[in-house]
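In what follows, a single structure is set out as structure tokens and then discussed.
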Amino acid sequence: MMNRRQILGAGAAGAALVSSQAWGKTSNMGLPEAALMDTAATQPPKAPSTGLDYNPVVTLNGWTLPFRMNNGVKEFHLVAEPVERELADGMTAHLWGYNGQSTGPTIEAVEGDRVRIYVTNKLPEHTSVHWHGLILPSGMDGVGGLSHPGIPPGKTFIYEFDLTKSGTFMYHPHADEMVQMAMGMMGMFIVHPKDPDFMRVDRDFLIMLNAFDIDPGTFVPRIMTMADFNLWTWNSRIFPDIDPLVVNKGDKVRVRVGNLTMTNHPIHMHGYDFKVTCTDGGWVPESAQWPEVSIDIPVGAMRAYEFVADHLGDWAIHCHKSHHTMNAMGHDVPTFIGADKGKLTRQIRALQPEYMPMGTAGMADMGEMSMPLPDNTVPMMAGWGPHGPLEMGGMFSVVKVRDGIRPDDYSDPGWYQNPPGTQAYEWTGELPDFTRADSAQTQITPKPTTKG
Ligand SMILES: [Cu+2]
């Protein structure tokens, strides 16, 4: 919180800026405060304090950037800077991001708003911000060298434009893009409809798909990686530490998923079918919405889907590429399924008594075992559910649908208790005699030939 003296100080600084005329055209209030976030916890939805009403979004393990009104213009302040982000509890990455975090804070405004976005560059190189999908003047498009000169280190640029349409958009640098995006610079830009009843939902979740290549035991992503990333993240967070999507039974729910990785991600949600209602091009008319249970999110695109949460339970939501629900792993591990490592194990144990052979019966044992890992590294598969290890990582979370969740409550309700008679269970009777197909009993009689 600011005390009175700091507020007066800020006012004086503002006056100095105005008298220098550099800001006179756009601001008589000085720079808006640059809000900072120091935690990766999901922040509650931020209802608008002024202007048109809207139903705010919830960014999983993220937050919404505050704004202020200045003569009818919504002003935001983004600070591009090096950040330390907890990708999971016990694993911190040294990234580049905005306002203390990667991914950057979500920007929320309303169709028809005029926005003024101050971007301060605290990176060691120039940057820019491209407003992906928004319709705006060419000079505000944020392509460094094309729309405007790159923002040099230490400088602040102003982007200002009208929000002509509602929908889901993204922002990211268009300057040394490969490096800056590999380092985690990206965020979501939500423009709410002017009519709060248009496409209204009760819960509106945001997921930005991103990816890093961070060697186990290290902190900084490898920036030259093109395809073989080892950490597949949602809002720069990996399972088991991606927060659940908590939903009250009967809620109308929207999930907006943006993809700024280098590959597509088929996002699959269990327990429901849903309809695709929005792309970064705009809303999909009802007559054109079709049902899905997985929605492929192309590179550099956004898809939103909606469903009514009428099935209670804990429902997995994840990328369907199975390597994307794993944490850091080597891809050059040979397959040992079916191999007899008995003799090899005895030989190795003569030298290293604690050696344990792995992988001869699949790799599920990786989920249960606590293997010694380098510092600042999370296991390849992790997470414990109510019935055992989940053996997941990366792009995975759980949609938790419950009765009696308050509208503003997003806290984890714990695990779902399956009602009696609704959970898979073990057969405890006699097993039949499993006979091989080559035994006399089940031998298939060859078909008589019709040739001849
Ligand atoms: Cu994926």
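The values are calculated or read from the model by the stated rules, or taken from the named source; none is laboratory data. All values derive from a computational prediction rather than experimental measurement. Here Cβ is always computed from backbone atoms with ideal geometry, including for glycine, and neighbour counts include all displayed protein chains.
Residue 175 passes every criterion in (1) more than 16 Å from the ligand (Cβ to nearest atom); (2) surrounded by fewer than 19 Cβ atoms within 10 Å (Cβ to Cβ); (3) without any contact (Cβ under 8 Å) to a residue 60 or more places away in the chain apart from (2).
Within the stretch 118-141, at least one residue is in contact with a helix residue (DSSP H, G or I) (Cβ under 9 Å, 6 or more places away or on another chain), in contact (Cβ under 8 Å) with a residue 24 or more places away in the chain, surrounded by fewer than 17 Cβ atoms within 10 Å (Cβ to Cβ) and farther than 20 Å from residue 33 by Cα.
Every listed requirement among (1) within 20 Å of residue 382 (Cα to Cα); (2) small (Gly, Ala, Ser); (3) more than 16 Å from the ligand (Cβ to nearest atom); (4) free of Cβ contacts under 8 Å to residues at least 12 places away in the same chain is met by residue 322 save one, (3).
Candidates in the stretch 373-399 are the residues that are within 16 Å of the ligand (Cβ to nearest atom) and in a loop (DSSP other than H, G, I, E, B); of these, the one that is surrounded by the fewest Cβ atoms within 10 Å (Cβ to Cβ) is 380. Which pairs have Cβ atoms under 8 Å, sit 6 or more apart or on different chains, and link a residue in the stretch 79-104 that is closer than 18 Å to residue 189 by Cα and buried (at least 19 other Cβ atoms within 10 Å of the Cβ) to one that is at pLDDT below 95 and charged (D, E, K, R)? The qualifying pairs are 100/38.
Among residues of the stretch 297-319 being within 16 Å of the ligand (Cβ to nearest atom) and of a type in the set (A, V, I, L, M), the one that is surrounded by the fewest Cβ atoms within 10 Å (Cβ to Cβ) is 299. The residue that is modelled with the lowest pLDDT, among those in the stretch 338-353 that are of a type in the set (Lys, Arg) and surrounded by 10 or more Cβ atoms within 10 Å (Cβ to Cβ), is 341. For the stretch 44-64, filtered to residues that are at pLDDT 95 or above and within 17 Å of the chain's Cα centre (by Cα), the residue that is surrounded by the fewest Cβ atoms within 10 Å (Cβ to Cβ) is 60. In the stretch 203-225, the qualifying residues are those that are away from the ligand (no atom under 16 Å from the Cβ) and closer than 20 Å to residue 258 by Cα, and the one that is surrounded by the most Cβ atoms within 10 Å (Cβ to Cβ) is 206. Restricting 276, 255, 247 to those that are within 16 Å of the ligand (Cβ to nearest atom) and either closer than 28 Å to residue 89 by Cα or surrounded by fewer than 19 Cβ atoms within 10 Å (Cβ to Cβ) (or both) reduces the list to 255.
I'm trying to understand the selection: among the residues of the stretch 236-259, which are polar (S, T, N, Q) and either closer than 24 Å to residue 300 by Cβ or in a loop (DSSP other than H, G, I, E, B) (or both)? 236, 259, listed by residue number. Just one of (1) crowded, with 23+ Cβ neighbours inside 10 Å; (2) within 14 Å of the ligand (Cβ to nearest atom); (3) part of a loop (DSSP other than H, G, I, E, B) fails for residue 232. It is (3). Is it true that residue 335 is more than 16 Å from the ligand (Cβ to nearest atom), polar (S, T, N, Q), buried (at least 16 other Cβ atoms within 10 Å of the Cβ) and modelled with pLDDT under 75? Here the answer is no, as residue 335 does not meet what is asked.
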